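Take a look at the structure below.
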Amino acid sequence: MLHVESLTKSFPLDDGVLTAVDDVSFRISPGEVFGLLGPNGAGKTTTMRMILGLLEPDSGYAEVDGVRTATDPMAVKSRLGFVSASDGVYPWLSVREMLLYFADLYAVDSTLAEQRCESLADMMDIKHLLDRRAGELSTGQRQRVTLVRGLIHAPPVMLLDEPTRGLDVVGVQTIFDYIDILRRGGKAVVVCTHRLDEAERLCDRFGLLHAGRLRYCGTLNELKEQTGQASLVDIFVDLIRN
Amino acid sequence: MSNESHSGSVPIAPQRPRKRSHQPGNRLVRLCQKELRETMRDRRTIITLVLMPLMVYPLLSMAFNRFLVSATAGTSDETPYTIGVETDDEGTLLLAWLEDPMSQPPDAILKASKGKLATFRVVNTTSVGLTPDEALKEKKIDLAAQIELDDPPRLRLTAYSGDVAGQGAQRVLTERLHWLRLARAETILKSQLNEYTPPAEVTVAKVGAPEKPSMLGTIVPLVLVLMTITGAVYPAIDLTAGERERGTMESLMASPVPRSYILFSKYVAVVVVALLTAMANLLAMFTTLWAGRLLPLLTGGEDAFPWLAVLQILGLLVLFSGFFAAVLLSLTSFARSFKEAQAYLIPVMLLSLTPGMLSLMPGVTLQGPLAIAPLINIVLLAREVLQGTAHAAPAVITVLSTIGYAAAAIAIASKLFGSDAVSRTSGQSFGAMLKRPARVSPTPSPQTAAMTLALLVPIYYLVSNVLIRIVPELSISWVLTLNAVALVLTFGLLPLASVVLARCRFSTSYQLSPPSPLALVGALLIGLGAWGIAHESFVIAKQLGIGGLDVDRIEKTKQTVEALKVAPAWLLVGCLALAPAVIEELCFRGFLFTALRRVLSPARVIMTTAVIFGLFHVVTGNMLLIERFVPTTLLGLILGWIAYRTQSVWPGVLMHFTHNALLNLAAKYQDRIEFLGAGFENQMHLPASWLIVLTTTTVIGFAIVWFSTRKPAATNPNLATTPA
């Protein structure tokens, strides 16, 4: 469903070049949750942005359902859902107006969009907020709205960038439940995070990024076998130190 | 979260959009609605839009009124000057002098002051316990008068230094007594000298309408600049930098909507808010002035509400708002935060005041390079429109170049908005915008085409102006050669530079693929016949009153035709047929056509390129050749259709070449073909036999092109990115 092949991206700096993502490849199947893990600055967000078509890779490609980002970026974008911890809302629109606006951006038929808006709002328990102004919502309520927003066009692939950052226990549990729903809905999910404990609970497979390179890729057991370490945290500490 | 019961309802497959509701135009309208809804609900917009005009203008009017009252006290016709005296006798004597008809100025002077005399009120200041000088110091009177009742009486007038009313009273009273003295002296002279005649009897007369000094033309352009900027600044920042600051930028950029759509909808919202703000300000300003009876100061005329001026201003507002909204968006799109956007905009706002001040300077007119100078041109146009001195050609140039600048600014904005430069966390320079893309694209983007057109308008205007200036000194061969060179330099090189800079593929950007031989035959036949249709359309346009040549133009055309007769045929064909055919086709049916095909349906692309093609032929130097619009646009429609059908620029080049070559050779060899009976010089309809032959040829040509291209251009994957 999602295929990333040899993605590479460098940024010019005053004193040279920074290779933010270096030859990263992985595949994700429907119903699979893939954790793209790494410390801050490892290249997770850059990888995500290249998949989304927000950044042009220097080489390599990302492919969704056989369509490459470089060939038909609009077709790829319409198949991707994206939720980030830094996602905001339009404060002067009602929640319903905002959700329908995004549905329109993704060319979802208006009747279908209304139906999805209702059902997803019901699912994420924000139905009572639909006609409230988005600027009046609490942090937790905004988080739920953005989670619904990411699904309004029913994408087969979901990208979640640091979804639990800055959330309290209830908020984190909401994300866990959401990812579980996505998995059961047959979506291919990429979760970018540096919270290894959460990733261990959430993800089926893992890709460990460090300094732009994908050092390890596989299930938890496969990673343990490859590294001889007991947990993801140990694997990571070992990776960074060596 | 009720995930258990609803987990099955998560949609999986992406839905195919319904065609009706997601046509690009409908979607664009909805995007505009959203931006407007969001902006108009914002409390800060409401404050700028409603509260400012409601509060500021009444306050300004009150202050202005107060200023005027104090500045003009005692100087108006109705308000009498107050003169203070110490005794009733002095008062009586003073009034007797003033009421004596002999103290009135001569008729000539009286007429100059509209027949109105200043009036005086004489008061005895001792009634309030003050001497006249004391009353003057306390500003209870305008002038203190002291009369010593000798023979003759001695009058001493004292005014408060710097008091306008007092100085005026002193001057007028002195003059009145002077006239009295003169008139009495003349009466005595007449009675004693029978042969006395005055040196001259003076009468005065006026011709022409009185010129009413109006502040509209000087003040309003400056006010328009301030009003539109004030209205546009906040929404421009909020809708661009604000997206990033509130965290909606990435989600927006991740959606499958062309950036140009998003930017255009934001542009519409900013223009609307700027317009509404300016209108609210204007309404408040005029209403306040009208209610405060200050309107004549602005209009120089009657107290009536200046409806015509308001309508003119509204038209100008659209131009100002369109320009500022685009410029501000292009700057704020680069900003990552409100603060950064404000830092960019403050210098722009200050800079914008300089052209605004131009409207206050006498002698600066809208002509020459000023007609294409951004902002300066619209400020001068506003002044000339309001003063009723605007001319059509520079006005059209101003409007066209401003539309071009606005389009270029939006193109820049859509390139910057949400690009690497603002989405990335690391810093990025403004120069990155000019960097060549890493990948080759098949056709230029509409933004690239917009920027190229925006550059083409002023450059073409300058080049054609320079040519017109030097043409009278050159031979016809040089004129023709320079025309061709100018064409290559403007319509040839500018699009070429854009294609190179945007790293576009030449073959697809210019539609250089070889056509079928049959398509070429069809195009040739259309070319052989279409010139007659162009001629007929020109004659019909003239009859409908939307073109035609005046006597002066006919004379100039005759001179041109005479000059062409002496030019070598090869030069004529090379410069007026081959060069335009190749360069204009590559520009309009190649570069522009393929760029617009990315976002418009074939019919709209053909129409748009034809109108732009027609407009460029209308503007020549400082003249507007309106009569050329209909035939050239019609020619553009045919050429556009051929380019669409054949997916190649070459049949159009052949048709264009044939058409131009025939027209120019017919002009050169006019004398030899006059026996055929065509009335070119007199702008008459062609003979019926000619029309039948030419129409048949054209129809056959169209049929051949149609049947040789049964699978039209929509199948071209490089061009068909939107539904046809």
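The values are calculated or read from the model by the stated rules, or taken from the named source; none is laboratory data. None of the values given here were measured: they were computed from a predicted structure. Backbone-built Cβ (ideal geometry, glycine too); neighbour counts: all protein chains shown. The accessibility values were calculated without ligands, DNA or RNA, using every heavy atom of the protein model including side chains. Shrake-Rupley method; radii C 1.70, N 1.55, O 1.52, S 1.80 Å.
If eta is 1.567 mPa s and T is 4 °C, what Stokes-Einstein diffusion coefficient results for the stretch B:568-648, Kirkwood Rh from Cα pairs, in µm²/s? All intermediate terms of the calculation are to be shown ahead of the outcome.
On the way: Rh = 13.2 Å.
So the translational diffusion coefficient is about 98 µm²/s.
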Search the structure for amide H atoms under 5 Å from the amide H of B:T82, placed 1.01 Å from N in the peptide plane, and list their residues when 5 or more places away or on another chain.
B:R121, B:D142, B:L143
From the square roots a ≥ b ≥ c of the eigenvalues of the alpha-carbon gyration tensor of the stretch B:81-192, which class results: rounded (a/c under 1.5), prolate (a/b over b/c), or oblate?
oblate
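Pairs A:K44/B:K34; B:K339/B:K415; A:K77/A:K224; A:K9/A:K127: which exceed 31 Å Cα-Cα? Could the numbers behind the result be given before it?
Details: A:K44/B:K34 33 Å; B:K339/B:K415 21 Å; A:K77/A:K224 35 Å; A:K9/A:K127 41 Å.
With Cα atoms farther than 31 Å apart: A:K44/B:K34; A:K77/A:K224; A:K9/A:K127.
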Separation between Cα centres of the stretch A:44-118 and the stretch B:95-160, rounded to whole Å:
85
Tell me, what HN-Hα J-couplings in whole Hz come from the Karplus equation 6.51 cos²θ - 1.76 cosθ + 1.60 at θ = phi - 60° for each residue of the stretch B:580-585, using x for Gly and Pro?
x, 4, 6, 5, 5, 5
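Just the number, please: buried accessible area between A and B, total of both chains, 1.4 angstrom probe, nearest 100 square angstrom. Present the calculation step by step, with values, prior to reporting the outcome.
Details: alone 11460 and 37740 Å², together 44400 Å².
Summed over both sides, the interface buries about 4800 Å².
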Just the accessible area for B:H685, please: 1.4 Å probe, Å², rounded to the nearest 10?
80
The extension gain from B:V310 to B:R184, computed as 0.36 nm times the residue separation minus the Cα-Cα distance, is 39.9 nm
Which order do A:E5, B:E473, A:E162 take by accessible area at a 1.4 Å probe, largest first?
B:E473, A:E5, A:E162
Shielding by partners for A:96-103, please: the mean number of other protein chain Cβ atoms within 10 Å of each residue's Cβ.
3
If I ignore ligands, DNA and RNA and count only protein heavy atoms, how much of B:W641 is accessible to a 1.4 Å probe, in Å² to the nearest 10?
60
Of the heavy-atom accessible surface of the stretch A:87-154 (probe 1.4 angstrom), what whole percent is carbon and sulfur?
47
Considering amide H positions built from the backbone, and no H for Pro or chain starts, which residues 5 or more places from A:F206, or on another chain, come under 5 Å of its amide H?
A:G35, A:G218, A:T219
Using a Förster distance of 25 angstrom, determine the FRET efficiency expected from the C-beta separation of A:D234 and A:R213, and round it to 0.05.
0.80
Given the convex hull of the Cα atoms of the stretch A:1-107, what is a quarter of its surface area in nm²?
8.7
Residues with amide H under 5 Å from that of A:V190, placed H, sequence gap 5 or more:
A:F34, A:M158, A:L159, A:L160
Surface accessible to a 1.4 Å probe, B:K111 within the full protein complex, Å²
120
For B:H178, B:H535, what's the largest-to-smallest order of accessible area, 1.4 Å probe?
B:H178, B:H535
Unit-weight point scatterers at every alpha-carbon of chain A, Debye formula, q = 0.12, 0.13, 0.14, 0.16 1/Å: log10 I(q)/I(0) is -0.69, -0.81, -0.93, -1.17
Here the stretch A:164-171 yields Karplus 3J(HN,Hα) values (6.51, -1.76, 1.60; θ = phi - 60°; whole Hz; Gly and Pro given as x) of 9, 4, x, 9, 7, 4, 5, x
Residues of B:35-47, mean number of Cβ from any other protein chain within 10 Å of their own Cβ, rounded to a whole number?
2
Sorting A:H3, A:H128 on solvent-accessible surface, 1.4 Å probe, most exposed first, gives A:H128, A:H3
What residues in the stretch B:252-268 lose 50 Å² or more of accessible surface when the other protein chains are added to their chain alone (1.4 Å probe)?
B:A254, B:P256
One finds, for B:Q367 and B:W478 with R0 = 30 angstrom and r their Cβ-Cβ distance, a FRET efficiency to the nearest 0.05 of 0.70
Ellipsoid equivalent to the stretch A:87-154 - semi-axes via the Cα gyration tensor, in Å
17, 12, 10
HN-Hα couplings for the stretch A:207-221 via Karplus (6.51, -1.76, 1.60; θ = phi - 60°), in whole Hz with x for Gly/Pro, come out as x, 9, 9, 8, 6, x, 10, 8, 7, 9, 8, x, 6, 4, 5
